[in-house]
Amino acid sequence: SRILTVAAAQLGPIQKSESRAVAVDRMVRLMERAHKRGAELVVYPELALTTFFPRHYHADRAEADRWFEESMPSNETAPLFAAARRYGIGFHLGYAEIAQEADAAGLVRRRHFNTAILVSPAGEILLKYRKVHLPGHAEFDPNRAVQHLEKRYFEVGNLGFPVIRAPMGGQPGVNMGMMICNDRRWPEAWRVLGLQSVELVMVGYNTPSTNQAAAGFEAHHLRVFHSHLSVQAGAYQNATFAVAVAKAGTEDGCELFGHSIIVNPQGEIMAQATSWDDELITADCDLDMCRLGRTTIFAFDKHRRPEAYGRITGQ
Ligand code: CDT
């Protein structure tokens, strides 16, 4: 067996008025607890350093830059990297990124992404992912009680869905990939990772308990059901473990539903958060469990029929 002990570090609410130092301090304390429980990898939520700011409208987009990181690590996030080195733990962090980078037209400019990184226990950034599926809208919507302005503040991610094989914990090589929040609802995202033999998918999320855009009423319990359904199906159909980690509780008066989970390649929930606060859940993930699905029902090379999927692949 190849066991990797994984921790999902759910975060309770971070209010608009709270600084990154407060969030980072809470995250370091969760990492310390993860270490005491024998975890080798800690997964934090999407946009973990601040409140979920896409609910706040800035007429001047440049004003929203205060929610973004210009460098990683920075003075404010350095304690996380130091804690990782101290405890010998890898971590996954979601944050808002400003990159000075050329666009498709070759113009170097400030670009904004909803980003996640995987950091080694030595503090080295092993993998970066930028969110592809941006929900919400770009302009102020007077019909919504709470805004969801991801399309205003972020560009669509330009790194695809990469998977890295890297040492983690006691394992010499683990195939690890990431998606961010809304991505988890798209089977295409899971399949692109699955086709790279991913063994562990890390997903941070901030999901409101109420669908503000609902044309009709969407029952509260279905919000959690659909989140779990997506992660459990994605893990099962791609023979991978998945760690889905929430920001939870009432943030700036808006409720986020939490319910972080760790799921095995059979699609079963191994651990689930039960609070709407900072909460650590852990699971011993035997990566060899990925082999069963991958070599039988989901042996892609034997049973997939891409020639019948033209509508998806655009062929
Ligand atoms: N952060 C994020 O992507 N949240 C979305 C909410 C969609 S409602 C506009 C999600 O899919 O969970």
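The values are calculated or read from the model by the stated rules, or taken from the named source; none is laboratory data. Quick caveat: nothing in here was measured; it's all calculated off a predicted structure. For neighbour counting, all protein chains shown are included, and Cβ atoms are generated from backbone atoms with ideal geometry for every residue, glycine included. Accessible surface areas use protein heavy atoms only, side chains included; no ligands, DNA or RNA. Shrake-Rupley method; radii C 1.70, N 1.55, O 1.52, S 1.80 Å.
All told, Ile180 meets the bar of being within 15 Å of the ligand (Cβ to nearest atom) and either over 21 Å from Asp284 (Cα atoms) or of a type in the set (A, V, I, L, M) (or both). Summed over segment 183-206, the residues that are open to solvent by 10 Å² or more (accessible area, probe 1.4 Å), away from the ligand (no atom under 16 Å from the Cβ) and assigned to a loop (DSSP other than H, G, I, E, B) give a count of 4.
A single entry from Asn143, Asn158, Asn211 fulfils the requirement of being open to solvent by 30 Å² or more (accessible area, probe 1.4 Å), farther than 20 Å from Ala9 by Cβ and within 10 Å of the ligand (Cβ to nearest atom): Asn211. Annotation: Met31 fulfils all but one of (1) within 16 Å of the ligand (Cβ to nearest atom); (2) surrounded by 21 or more Cβ atoms within 10 Å (Cβ to Cβ); (3) among the aliphatic types (A, V, I, L, M); the unmet one is (1). Among residues of segment 52-71 that are open to solvent by 20 Å² or more (accessible area, probe 1.4 Å), those with a beta-carbon under 8 Å from a residue that is more than 15 Å from the ligand (Cβ to nearest atom) and assigned to a loop (DSSP other than H, G, I, E, B) at least six positions away or on a different chain give the pairs His56/Lys16. With respect to the conditions (1) within 15 Å of the ligand (Cβ to nearest atom); (2) surrounded by fewer than 22 Cβ atoms within 10 Å (Cβ to Cβ), Leu134 falls short on a single one, namely (2). Of the residues making up segment 255-272, at least one is open to solvent by 10 Å² or more (accessible area, probe 1.4 Å), assigned to a loop (DSSP other than H, G, I, E, B) and among the acidic types (Asp, Glu).
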